[in-house]
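Taking it in order: structure first as structure tokens, then the write-up.
The values are calculated or read from the model by the stated rules, or taken from the named source; none is laboratory data. Computed from a predicted model, the values in this text were never measured in an experiment. For neighbour counting, all protein chains shown are included, and Cβ atoms are generated from backbone atoms with ideal geometry for every residue, glycine included.
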Amino acid sequence: MILMRKRKLWKRARCGPEELRKYREAEKKAENAVRNAKRNFEKKLAKEQKQLTILCLSKRKDKGQDGSRTTERSRQKNGQQ
């Protein structure tokens, strides 16, 4: 929506200095909006990656020596320590 406004103002900006000033303000708002969206996306992506890493590490700790997934309760049930 911000980018559409910027494009419309560019068409008018060639008419005079007042319209050019409005275009430049819209351009700054558009740049800030894109920058913030990109920053938020990258933060969200990093947070999800961190959660996946923690989940993978916890799954790795649950695996037994033979590679099968075991839990403490199933080890006790089978007589293993």
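Miscellaneous remarks
- Some residue of region 39-62 being under 31 Å from the mean Cα position of the chain (by Cα), surrounded by 12 or more Cβ atoms within 10 Å (Cβ to Cβ) and at pLDDT 85 or above: no
- Scanning region 1-20 for residues that are over 34 Å from the mean Cα position of the chain (by Cα) and either outside any helix (DSSP H, G or I) or among the acidic types (Asp, Glu) (or both) gives Arg14, Cys15, Gly16, Glu18, Glu19.
- Of all the numbered requirements in (1) modelled with pLDDT under 80; (2) in a helix (DSSP H, G or I), Val34 misses one, and that requirement is (1).
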